[in-house]
Amino acid sequence: MTVTRCVPDEHFSTLLAYLEGLQGRARELTVQKAEALMRELDEEGSDPPLPGRAQRIRQVLQLLS
């Protein structure tokens, strides 16, 4: 189960605040995993592509990139 699925909406902003402080390899790995999740969503081709999940992944990527 991925973080984007197991963190309730009311705690997601707290997760983003935590992720913002990541540095080094932890930050790189988190970005890599988020990018892999986005690729998976794109490949699934679901219509619409699970908007809540995609939005959360984009937020993580935007924060860390």
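Before moving on, here are some points about what is shown:
- Taking the conditions (1) assigned to a helix (DSSP H, G or I); (2) surrounded by 11 or more Cβ atoms within 10 Å (Cβ to Cβ); (3) modelled with pLDDT under 90 in turn, Val60 satisfies each one other than (3).
- Pairs are defined by a Cβ separation below 6 Å, a sequence spacing of at least 6 or placement on different chains, a first member in the range 52-65 that is within 14 Å of Leu22 (Cβ to Cβ), and a second member that is of a type in the set (A, V, I, L, M) and not in a helix (DSSP H, G or I); no pair meets this definition.
The values are calculated or read from the model by the stated rules, or taken from the named source; none is laboratory data. All of these numbers come straight from a predicted model, not from anything done at the bench. Every residue, glycine among them, receives a Cβ derived from its backbone with ideal geometry; neighbour counts consider all protein chains shown.
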